[in-house]
Each structure stands twice: as structure tokens, then as C-alpha cells.
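The values are calculated or read from the model by the stated rules, or taken from the named source; none is laboratory data. Computed from a predicted structure; not experimentally measured. Cβ placement follows ideal geometry from the backbone for every residue including glycine, while neighbour counts extend to all protein chains displayed. For accessibility, only protein heavy atoms count, side chains too; no ligands or nucleic acids. Shrake-Rupley method; radii C 1.70, N 1.55, O 1.52, S 1.80 Å.
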Amino acid sequence: MNQDAVRKSRPDFTWEHTELLRYKVEGSAPFRNVTRQVLFDDIAGGAQWRYFEVAPGGWSTLERHQHTHAVMVLRGRGRCLVGQQVREIAERDLVEIAPMTWHQFRAAEDAPLGFLCLVSCDRDRPQLPDAQQLRALRDDPAIAEFLEGQDR
Ligand code: MN
């Protein structure tokens, strides 16, 4: 990285010399109100360390893939779906996403959900659930409730 070793943080959870990116291309997958920043790229033997922020009421894409995520909540609170589990999460909580595990992050209605997420630079593309997989997920009432209100 051709820049200072130190990039200072700002109160709004952006960082100096770090671009505030769109989460994904609009329309490529369902999501609402998520931003992405790549904090470190190709470090620690081929890892990428990102910061995602889901605005109040927003959600990340419901997806699964072979690669794993190591997540720490840095700002705010919300809930996540990991496999069959729906859990409340808040600052400093850790979330591990195992291979091929359905996962999604939702911010609270009155707070953002900002989280650090470590991935391998070399990773497979996320899979989205098809109608049948979505129905199977929704068979669980807690998951059905978690997925409610998403315009898919
Ligand atoms: Mn993912």
C-alpha cells in the first residue's frame, strides 16, 4: 500500500485514504442500505479485511459460499442469521461463518450494524437461495420472522 502506515478513523466509521464503496452492484443480489470499505487488501498471507455498515432497517444479502467469514461487530447492533440460528448481535460480538452456511446480517430499526469481516482474497462467488431453498429456510418460524419485510 503506497500510503501512510497509519490511516486515522473518522467519527462516522470511515477511514482516511479508504474508499467508501457500494456493497454490491445494485440489482446483482437483494440487499438494502449497505456500504463496504476495504481496510486491508492482500495482507496476512492473502486475506482481505473489510468493514461493512448496514444502515438502520437495512440488510446484507442472504447467501452462502465455500469461503469462510470471521466477523466482529464494531458499531451498533442488529441480528444475524447463521445456518439455523437467528441471534442478536452488538458491538464486539464475534460471528464465524462456516463453509456453505446460509447467512445474513440485519441492522436494528434504530441503529446501524457495522462489522469487520475477514475473508480470503481468493474466494468463490456467493450463492443465492432459490425458491425451494428459501421455502425450506422459512419452514423455521424464527427464520421466517427474521426474513420478513424483505422485498424478494
Ligand atoms: Mn458472505
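Worth pointing out:
- Selection from region 40-67 of residues that are β-branched (Val, Ile, Thr) and either under 10 Å from residue 113 (Cα atoms) or away from the ligand (no atom under 13 Å from the Cβ) (or both): 43, 54
- Some residue of region 90-98 being within 15 Å of the ligand (Cβ to nearest atom) and open to solvent by 20 Å² or more (accessible area, probe 1.4 Å): yes
- Qualifying positions in region 1-41 - among the charged types (D, E, K, R) and in a loop (DSSP other than H, G, I, E, B): 4, 7, 8, 10, 12, 16, 19, 24, 26
- Matching residues in region 125-134 - criterion: being surrounded by 12 or more Cβ atoms within 10 Å (Cβ to Cβ) and within 26 Å of residue 40 (Cα to Cα): 126, 127
- Boolean, residue 70 is touching a Leu at 6+ places or on another chain (Cβ under 8 Å), within 16 Å of the ligand (Cβ to nearest atom) and open to solvent by 50 Å² or more (accessible area, probe 1.4 Å): yes
- Residues being at pLDDT below 95, open to solvent by 40 Å² or more (accessible area, probe 1.4 Å) and more than 10 Å from the chain's Cα centre (by Cα) are represented in region 31-40 by at least one member.
- Some residue of region 14-24 being within 13 Å of the chain's Cα centre (by Cα), open to solvent by less than 40 Å² (accessible area, probe 1.4 Å) and under 24 Å from residue 150 (Cβ atoms): yes
- Of all residues in region 99-124, those satisfying the criterion of being open to solvent by 30 Å² or more (accessible area, probe 1.4 Å), within 14 Å of the ligand (Cβ to nearest atom) and within 19 Å of residue 49 (Cβ to Cβ) are 118, 120, 123, 124.
- Within region 86-143, the set of residues being basic (Lys, Arg) and touching a residue at least 60 places away in the same chain (Cβ under 8 Å) comprises 125 only.
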